[in-house]
Amino acid sequence: MAFLEERRLPLDEIEASALADEIFANPPEIGHLTISNALQWRLQYSQVIEKAGSVVGIEKLR
């Protein structure tokens, strides 16, 4: 859990414990990469920004 806490994942203590248990039960293979939470958010928001102005409810700000 300390490893997960150091990465500042948006998890409460119960979720962190469950994730730690899952990682120990099914460890990932060495060499797999992930992207940071910040990059995930930027990628998700970039999709919304692309739709701005062409989808009802998503406005393009200038």
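Some observations on this one:
- Of all residues assigned to the stretch 14-21, none qualifies as being under 30 Å from residue 59 (Cα atoms) and outside the structural domain of residue 61 (by TED's automatic domain parsing).
- Single residue of the stretch 20-59 satisfying the filter (among the charged types (D, E, K, R) and surrounded by 10 or more Cβ atoms within 10 Å (Cβ to Cβ)) that is nearest to the chain's Cα centre (by Cα): 42
The values are calculated or read from the model by the stated rules, or taken from the named source; none is laboratory data. Keep in mind it's a predicted model, so treat the numbers as computed, not measured. Virtual Cβ from ideal backbone geometry, glycine too; neighbours counted across all protein chains shown.
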